Amino acid sequence: MSENFLLSAARVALAFIRRDFLTDASYRLSMVIQFIQVILTAAIAYYLAQFLRQQGLQAVTSFARDYFAFVILGIAFYDFLVTAHGGFSQTLFEGQITGTLETQLVTQTRLEMIMLGSSLYALLSTAVRFFAYLLVGVVLFGMPLAQANWGATLILLFLSVAAFSGFGLISACFIVLFKKGDPFSWIFLGASGVVGGVFYPVSALPSALATLGHLLPITYALEGLRRALLAGEGLAELWRETLVLLLFAGVGLPLALMLFRWSVHRAKLTGTLAQY
C-alpha cells in the first residue's frame, strides 16, 4: 500500500468528517440534548443499581462488584453498536433522498472509502458519547475505573467497530436491493440487546439463549471491555475475546464488502440505485 494512497485516503476521510461535523455543529442544541440524555440514562442505571443494592443484590460478576458499573457499560456500548451497525444504512438512505449517492459512486473514490468516510463522523461522535458515559459514571456516580486498562479498551473498541461493520454492510445491502426492507438490522440489534449481556450476564440466560449469545460479537466485546475497564485486564488475559473479534472482523468484513459490491452492481444494472 503506497504512501500516496494512504495520504489520499486520509484526505478523503477528513473531508467526510469535516462535512458531517459542520452539518452537526449547525444544530448545537442537538449536542446539548445528547449529553443530557447521557446523564439521564446514567441516572436511571444508578438508581436501579441502588434499588438492587437495597435488596441485597449487588455483585453481578467476579469483576463487576456493582450492578451500576456493569449496566452503564452495557448501555454505553449498545449505543456504540447501534451506530457502528446502522451507520452504513443511514449513509445510503441519506444519499438516496438527497440525490448524492449516484454522484459519489461515479467518482474515482473507492466504494470502501465512500462508505467508511460517510460513517466516520457518526462513529467518532458515538465514541465520544461512550466516554461521556464513563465520565458521568465516574464524576457523578462514583463508578470505579481507577485500575482500568485504557490501552486494551481502545483496541477492543477498534476491533468491535470492525466486527460490527460487517453486519452493518449486510444491512446496507438490504437498503440497496430492497430499499426500506431491512429485517436483518432489527433481528441483529434485537438479539444483541436480549442475549448479548447488555443488561444482565449471559450466564443468567437459559442454555439455548446463552449459546445464541455466544454466537454474537457483542458478547465478547462487552466481556472484554468490562474486564479491561473494571478489572484492569490486558490483551494477554483477554486473548479469547480479542481473537473472536478479530475473526469476526477478518472474515465477516471482507465477505460483507463483497456482498455489498454485488448489491450496488445489481442496483446499477436495474437502474434502482437512487430509488428509495
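Within a Cβ distance under 12 Å of Ala148, other residues only, what is the Lys/Arg minus Asp/Glu net charge?
Details: positive: Arg226, Arg227; negative: Glu233.
Counting the neighbours of Ala148, the net charge comes to +1.
Taking the Cα atoms of segment 174-232, report the difference between the largest and smallest coordinate on each principal axis, in whole Å and largest first.
Principal extents (largest minus smallest coordinate, Cα): 44, 26, 16 Å.
Could you work out the local net charge near Leu247, counting Lys and Arg as +1, Asp and Glu as -1, over the other residues with Cβ closer than 13 Å to its Cβ?
Working: positive: Arg240; negative: Glu241.
Counting the neighbours of Leu247, the net charge comes to 0.
Rounded to the nearest angstrom and ordered from largest down, what semi-axes does the equivalent ellipsoid of segment 155-276 get from its C-alpha gyration tensor (root of 5λ)? Could you put the intermediate results ahead of the total?
Details: eigenvalues 202, 56, 21 Å².
Taking √(5λ) for each eigenvalue gives 32, 17, 10 Å, largest first.
Could you work out how much longer the chain between Leu14 and Ile44 gets when fully extended? Use 0.36 nm per residue separation minus the Cα distance between them, nm to one decimal.
Roughly 7.2 nm would be gained on extension.
Looking at segment 165-229, which trypsin sites (Lys or Arg not before Pro) are in a loop (DSSP not H, G, I, E or B) and have at most 15 other Cβ atoms within 10 Å?
Taking segment 165-229 and a limit of 15 other Cβ atoms within 10 Å, the loop trypsin sites (Lys or Arg not before Pro) found are Lys179, Lys180.
Could you give the length gained by full extension between Glu237 and Lys268, i.e. 0.36 nm per residue of separation minus their alpha carbon distance, to one decimal place?
Gain on stretching Glu237 to Lys268: 6.4 nm.
Readers should treat all values here as calculations from the given coordinates under stated rules, not as data from a laboratory. A quick note: this is a predicted structure, and the numbers were derived from the prediction, not measured. Every residue, glycine as well, gets a Cβ built from its backbone with ideal geometry; the counts of neighbours run over all protein chains shown.
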